[in-house]
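The values are calculated or read from the model by the stated rules, or taken from the named source; none is laboratory data. Since we're looking at a predicted model, the values are computed, not measured. Neighbour counts run over all protein chains shown; Cβ positions are idealised from the backbone, glycine included. Ligands, DNA and RNA are excluded from the accessible area calculation, which covers all protein heavy atoms including side chains. Shrake-Rupley method; radii C 1.70, N 1.55, O 1.52, S 1.80 Å.
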Amino acid sequence: MRRLTIVLPVLDEAAIIVAALQALKPLRGRGAEVIVVDGGSRDGTAKLAQPLADHVIAAPRGRGAPLNAGAALGSGDALLFLHADTTLPPDADRLIGDALSLSAWGRFDLRIAGRHRLLGVIARMINWRSRVTGIATGDQAIFVGREAFAAVGGFPDLPLMEDIAMSHRLKRLARPACIATPVVTSGRRWEHHGVWRTILLMWRLRLAYYFGVEPARLARRYGAAPRSPARGNAWP
């Protein structure tokens, strides 16, 4: 059985960090390690996380660097990168172990919690697109074997699109294992900014990145940096 290291990047998540870590308690009871990587919270997130995680560390504010810092500290031979507003299925450790026996990396299907009727449609689009392209987003809880993580050099240190860039790196090794049992992520970003507005913004970002616009330029243009890694990039 692989030991699982769960890396949770956070920035100003005091409102949800306790519930997020309490949800991981059964996994810790079965041997999983939880590492919280704080990107400079000013609301006491790190202090709240301290008694509920194996390690709480500080890292430079960003996207890829906190994920790599957590992975470097962890002792597990399977790495899971989880947003604070995303909840795993109860048997996530077993599902990941089974998936990593078939591929070097993978991700979960996604369900978006919220009231808007389009959120279910968006989640299905994300899941379908991910299966077709082999590209995963951070909200889908990307997991990877440690050897594969080291082989691709970890996450690129980008201000945006680090999950997409990492997927491309890992695809050179293998296509992802797609776990049909979903993780559940909060629809707070979609509902706060407006569903249609968020869809259009995400597609504009993705299209610009596809045509070679540098992530740093995209981040400056759209005010996407700095943002909490826990708020992710769930592109439909």
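For beta carbons closer than 9 Å, sequence separation of 6+ or different chains, a first residue in segment 136-147 that is at positive phi and a second that is not aliphatic (A, V, I, L, M), the qualifying pairs are Ala141/Phe81; Ala141/His83; Ala141/Thr86; Ala141/Arg107; Ala141/Phe108; Ala141/Thr185. Sub-8 Å Cβ pairs linking a first residue in segment 151-169 that is farther than 16 Å from Val7 by Cα and of a type outside the set (Gly, Ala, Ser) to a second residue that is open to solvent by 40 Å² or more (accessible area, probe 1.4 Å) and in a loop (DSSP other than H, G, I, E, B), at least 6 apart or interchain, are Val152/Arg172; Val152/Leu173; Pro159/Ala225; Pro159/Pro226; Leu160/Ala225; Arg169/Gly153, ordered by first then second residue. Of all residues in segment 5-20, those satisfying the criterion of being open to solvent by 20 Å² or more (accessible area, probe 1.4 Å), assigned to a loop (DSSP other than H, G, I, E, B) and on the phi < 0 side of the Ramachandran plot are Ala14, Ala15, Ile16. Applying the criterion of being among the charged types (D, E, K, R) and assigned to a loop (DSSP other than H, G, I, E, B) to the residues of segment 83-132, the residue that is farthest from Val184 (Cα to Cα) is Arg117. Quick one: would you say Ile96 is β-branched (Val, Ile, Thr) and more than 26 Å from Ala216 (Cβ to Cβ)? Yes. Looking across segment 27-49 at every residue that is more than 21 Å from Ser186 (Cα to Cα) and open to solvent by 50 Å² or more (accessible area, probe 1.4 Å), the one that is modelled with the lowest pLDDT is identified as Arg42. Tally the residues that are in contact with a Leu (Cβ under 7 Å, 6 or more places away or on another chain) and among the hydrophobic types (A, V, I, L, M, F, W, C), restricting the search to segment 1-19. Here the count works out to 7. The set of residues from segment 106-125 being more than 29 Å from Arg28 (Cα to Cα) and open to solvent by less than 20 Å² (accessible area, probe 1.4 Å) comprises Leu119, Ile122. The C-beta contact set for segment 50-72 (first residue open to solvent by 50 Å² or more (accessible area, probe 1.4 Å), second residue of a type in the set (Ser, Thr, Tyr) and not in a loop (DSSP other than H, G, I, E, B), distance under 9 angstrom, 6+ apart or interchain) comprises Asp54/Thr5. Somewhere in segment 19-37, is a residue within 16 Å of the chain's Cα centre (by Cα) and closer than 18 Å to Pro159 by Cβ? For segment 19-37, residues within 16 Å of the chain's Cα centre (by Cα) and closer than 18 Å to Pro159 by Cβ: present.
Ser103 - would you say it is touching a strand residue (DSSP E or B) at 6+ places or on another chain (Cβ under 6 Å), touching a residue at least 40 places away in the same chain (Cβ under 8 Å), of a type in the set (Ser, Thr, Tyr) and surrounded by 15 or more Cβ atoms within 10 Å (Cβ to Cβ)? So Ser103 fits the description; yes. Count of segment 22-52 residues, restricted to those that are closer than 24 Å to Phe149 by Cα and not in a strand (DSSP E or B), is 7. In segment 222-229 there is at least one residue that is at pLDDT below 75, open to solvent by less than 20 Å² (accessible area, probe 1.4 Å) and out of contact with any Leu (no Cβ under 6 Å at 6 or more places or on another chain).
Looking at segment 73-84, which of its residues are open to solvent by 20 Å² or more (accessible area, probe 1.4 Å) and either within 24 Å of Leu158 (Cβ to Cβ) or not charged (D, E, K, R) (or both)?
Once the filter is applied, which keeps residues that are open to solvent by 20 Å² or more (accessible area, probe 1.4 Å) and either within 24 Å of Leu158 (Cβ to Cβ) or not charged (D, E, K, R) (or both), segment 73-84 yields Leu73, Ser75.
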